[in-house]
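The values are calculated or read from the model by the stated rules, or taken from the named source; none is laboratory data. The model shown is predicted, which means the values in this text are computed figures rather than measured ones. We place every Cβ from the backbone using ideal geometry, glycine too, and count neighbours over all the protein chains shown. Accessible surface areas use protein heavy atoms only, side chains included; no ligands, DNA or RNA. Shrake-Rupley method; radii C 1.70, N 1.55, O 1.52, S 1.80 Å.
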Amino acid sequence: MFVYLNRKAKSNQATKILMNMFVSLCRLNVSFLSNKSVADTQDNTACVFIALVLHYSMLASFTWFFIQALHMYLWLIRQNVTITNYMRKITVLGW
């Protein structure tokens with residue numbers, strides 16, 4: 001059954017967008033949860049690094065939410081829109 005779901009997920013653009021959103025939210029959660037332990041080390045470089053990762057993950061999460069909303073708009077309202085290399089363009093925009 002997992003093979004069937006995996007095969008079906010590869011062909012669906014909405015599923016790919018949601019998987020990227022999931023990855024960006026997981027990165028945000030991991031960086032947020034590791035923030036306390038990095039701050040306890042009193043290392044300035046590590047704090048700057050975790051701050052950069054945290055901000056990047058937050059921006060990526062917001063961007064993927066926007067891409068999901070745009071995708072739903074194009075799919076539901078503008079039903080016959082074709083964009084060449086659609087997944088490649090939104091993946092570059094999202095990350």
List the residue pairs whose Cβ atoms are under 8 Å apart, where the first residue sits in the stretch 20-47 and is over 22 Å from Ser61 (Cα atoms), the second is modelled with pLDDT under 90 and exposed (fewer than 14 other Cβ atoms within 10 Å of the Cβ), and the two are 6 or more positions apart or on different chains.
none
Looking at (1) at pLDDT 90 or above; (2) of a type in the set (Val, Ile, Thr); (3) over 9 Å from the mean Cα position of the chain (by Cα), which is the one condition that is false for Thr63?
(3)
Considering the stretch 74-95 alone, what residues qualify as being open to solvent by 100 Å² or more (accessible area, probe 1.4 Å) and either closer than 23 Å to Leu25 by Cα or part of a helix (DSSP H, G or I) (or both)?
Trp75, Arg88, Lys89, Val92, Leu93
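Looking only at the stretch 21-45, which residues are surrounded by 15 or more Cβ atoms within 10 Å (Cβ to Cβ) and either modelled with pLDDT under 90 or more than 30 Å from Met87 (Cα to Cα) (or both)? Break it down into steps so the answer makes sense when it comes.
Step one: list which residues in the stretch 21-45 are surrounded by 15 or more Cβ atoms within 10 Å (Cβ to Cβ), which gives 21, 23-25, 27-28, 31, 35, 38.
Within the stretch 21-45, Asn35, Val38 qualify.
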